[in-house]
Amino acid sequence: MHDDFHAQTDAIKNDAVDLIYANSFDAAMLIRDKGFLPLVKAKGKSDEAIIAVNAENLVEDVAHLEAGTKIAYTDDPDVKMMGMIMLEPADLDASNIESIVTSTNILVAKKLLQGDADVGIFLAEAFDDLSKMIKMQLRVLVKSEITDIHHSFMIGPKLLDKREEIQKVLLEMNSCEKGKGVLSSLGFDGWETVEVDEMEFMIDLVDALST
Amino acid sequence: MINDMNPEDIVGEFKEVSLDLYDSISRKILYTDIETPYPDGKLIVSTTTLKGIITHVNPSFIRMSGFTEEELIGAPHSILRHADMPPAAFKDLWDTVLKGDKWQGFVKNLRKYGGFYWVKATVIPNVRQGEVVGFTSVRRKPSRTKVNECVALYPTMF
Ligand SMILES: Cc1cc2nc3c(=O)[nH]c(=O)nc-3n(C[C@H](O)[C@H](O)[C@H](O)COP(=O)(O)O)c2cc1C
């Protein structure tokens, strides 16, 4: 595991990984330039983003935010991308916001609570995992419902002949107690197969969104 | 398949016009002043063949367009063509994507019920093993400022 997104991306560039749980951004490079193939994704899960403000903030609608808004987010590229798209209805983009980059979603929440940021962009799942105390002091303006963007477990060119075997092991993980335990600690109850076509579709989608 | 619009489907008072579409298709459309707001946080996604025939739509596409999936798959994408959209916009779209580039623009789309909705669309070529095999369009919520600019600009482009 790599503790930040850049370290992981560098490891991919240097061909230092053969198995990887990758976000949709890295998936593009892995599939198109590095010869990786998808194995599985978390069943029924997708990566979504949430735009939230301090509960005391009077803004009702993202469209009412103004240029110069201070926006806190982590360095997770797909969450930032989804969040920035949800801010476009207010004509906000990289050129007219004040960015506050943090290393975790909890720190994004802190920036809102301390009044250092006006708006926070969260990975939806991480927002849901914030404590009740913190969530009570925040208000969600909008949550994405994209459904087609997700992390995927992927396999590198050196292991391709083992693809089906590894896929099978992963898909059967929820049929034994130990596997179930591992899955539930990851926050879902099984894997599902990801086909190459589905992956290509997601990569095109992310490509279109990052423009 | 693309048919003339059916007065029975239309909600509200409507105007009528005939559009000349690609492949010598002529289509009678009926359209109203009723705008459906773009849903927050959602993307409207479709894919087409190289000729613009719809091959995939997501649930938001179905909901916003008002058509069923069966009506959409196999139809030319101009099934959403609104009379207020200048032909030059779509010429630019096709010129751009056929060159292999991305196209981005603001589009007023026609609903089955005669109403409309504005989107910010990005169309990209689907490249597989080095070949363009189709196109994907991903729409997101546009800003009102940008929509108002188009409302002023588009009528001058005919
Ligand atoms: C991927 C893709 C998505 C498109 N989406 C739309 C759309 O949402 N609305 C629309 O009017 N035209 C859309 N078009 C353009 C149509 O194919 C068509 O050019 C346009 O409706 C004008 O009709 P005509 O070319 O028959 O004159 C799309 C084209 C492509 C390739």
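Please treat every number below as a calculation from the coordinates, not as lab data. This one's a predicted model, so the numbers in the text were calculated from it and none came from an experiment. As a convention, Cβ positions derive from the backbone with ideal geometry for all residues, glycine included, and neighbour counts pool all protein chains shown.
Rounded to the nearest 20 debye, the dipole size of the range A:118-211 about its Cα centre is 600 debye, using +1 on the Cβ of Lys and Arg and -1 on the Cβ of Asp and Glu.
Taking each DSSP H run with n ≥ 4 as -39500 (n - 2.57) and averaging over every residue of chain A yields -11000 deg cm²/dmol at 222 nm.
Out of all Cα-Cα pairs in the range B:10-157, roughly what percent, to the nearest whole number, are more than 25 Å apart?
Taking all Cα-Cα pairs of the range B:10-157, the fraction more than 25 Å apart is 24 percent.
Out of A:L65, A:N54, A:N96, whose Cα points farthest toward the positive end of the dipole of the range A:49-143 (charges: +1 Lys, Arg; -1 Asp, Glu; placed on Cβ)? The one lying farthest along the dipole's positive direction is A:N54. Maximal additional length on extending the A:D197-A:K178 stretch stands at 3.7 nm, based on 0.36 nm per residue less the C-alpha distance. Calculated on the Cα set of the range A:54-132, radius of gyration then Dmax: 11.7, 34 Å. Candidate cross-link partners of B:K112 among the lysines, defined by an alpha-carbon separation under 17 Å and a same-chain spacing of 8 or more, comprise B:K15, B:K28.
With R₀ set to 35 Å, the beta-carbon distance separating B:E70 from A:S210 gives a calculated FRET efficiency near 0.60.
Taking label positions 7 Å along the Cα-Cβ direction at both B:L153 and B:D23, the computed distance is 3.0 nm, reported to one decimal.
Which entries of B:K42/B:K102; A:K45/B:K42; B:K42/B:K141; A:K45/B:K120; B:K108/B:K146; A:K132/B:K42 show an alpha-carbon separation above 18 angstrom in the structure shown? Where the Cα-Cα span goes over 18 Å, the pairs concerned are B:K42/B:K102; A:K45/B:K120; A:K132/B:K42.
For the pair the range A:69-127 and the range A:135-211, the centres of their Cα atoms are 23 angstrom apart. Taking the alpha carbon gyration tensor of chain A, multiplying each eigenvalue by 5 and rooting it gives semi-axes of 33, 20, 15 Å, largest first. Evaluate the Debye formula for the protein assembly as shown with equal point scatterers sitting on the alpha carbons, no solvent, and hand back log10 of I(q)/I(0) at q = 0.06, 0.09, 0.10, 0.11 Å⁻¹, in q order, two decimals. Results for the protein assembly as shown at q = 0.06, 0.09, 0.10, 0.11 Å⁻¹ read -0.26, -0.59, -0.73, -0.87. Can you give the angle from 0 to 90° between the axis of helix B:144-153 and the longest principal axis of chain B, with both taken from C-alpha atoms, to the nearest 10? It works out to around 80 degrees. For the range A:49-143, relative contact order (Cα pairs under 8 Å, six or more residues apart, normalised by length) works out to 48 percent. Need one number: the % of Cα-Cα pairs in the range A:6-79 sitting beyond the 17 Å mark. Distances greater than 17 Å cover 59 percent of the Cα pairs.
Using +1 on the beta carbon of Lys and Arg, -1 on that of Asp and Glu, and nothing else charged, what's the dipole of the protein assembly as shown about the Cα centre, debye to 20? Here the protein assembly as shown has a charge dipole of around 160 debye.
Within the straight-line cut-off of under 19 Å between alpha carbons, the lysines reachable from A:K168 are A:K41, A:K43, A:K158, A:K178, A:K180, sequence neighbours fewer than 8 places apart in one chain being disregarded. Build a GNM of chain A with springs between Cα atoms under 10 Å: which of A:A28, A:A117, A:A67 gets the top mean-square fluctuation? Answer for the Gaussian network model of chain A: A:A67.
For B:H56 and A:K43, the FRET efficiency from 1/(1 + (r/R0)^6), where r spans their Cβ atoms and R0 equals 22 Å, is about 0.50. With each label modelled as a point 7 angstrom along the Cα→C-beta vector, the A:D10-B:R128 pair spans 3.7 nm. Computed with the Debye formula from one identical point scatterer per Cα of the range A:135-206, without solvent, the log10 of I(q)/I(0) at q = 0.12, 0.13, 0.21 Å⁻¹ comes to -0.51, -0.58, -1.05.
One decimal place: the segment A:V101-A:E60 gains 12.4 nm when fully extended, by the rule 0.36 nm per residue minus the C-alpha distance.
The residue among A:I155, B:L93, A:A27 whose Cα reaches farthest toward the positive pole of the charge dipole of the protein assembly as shown, with charges on the beta-carbon of Lys, Arg, Asp and Glu, is B:L93.
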